[in-house]
Amino acid sequence: MYVYMVHILCGPLVFVIENMCMQVCHANPSERARFIRCIYNLLNSSSPAVRYEAAGTLVTLSSAPTAVKVGVMHHIALIVCLLLRTVSPLNMAELIEVLFRVLSR
């Protein structure tokens, strides 16, 4: 039950939980399935830093194509949100075009 609520915790505690999940999975690979759901739920966090770390951890821990795709898509979404805040609209069109070219390979 608590696995579904992990994304509402405060930032530093979430990073500790994520780090613990990563260490347990590296030490005992047969336990990965138990922790993937927890990491997946962290993708719903309100903190961009937590979502970024969770996406990276999901890609690292899982070899399932769906999990990797979700992790990569969250990375892209976070990058686009960051670019929207920092780049002028004229340069944004060029950046999105380059991003789509890279992703279509």
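Just so you know, all these numbers are worked out from the coordinates, no wet-lab data involved. None of these values were measured; they are calculated from a predicted model. When we count neighbours, we look across all protein chains shown, and the Cβ atoms used for this are built from the backbone with ideal geometry, even at glycine.
Here are the numbers:
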| item | result |
| --- | --- |
| Burial ranking of peptide ranges 36-43, 16-23 (average Cβ count within 10 Å, highest at the top) | 36-43, 16-23 |
| Gyration tensor (Cα) of the range 2-103, equivalent ellipsoid semi-axes in angstrom | 29, 16, 9 |
| Sequence ranges 47-53, 97-103, ranked by mean other-Cβ count within 10 angstrom, highest first | 47-53, 97-103 |
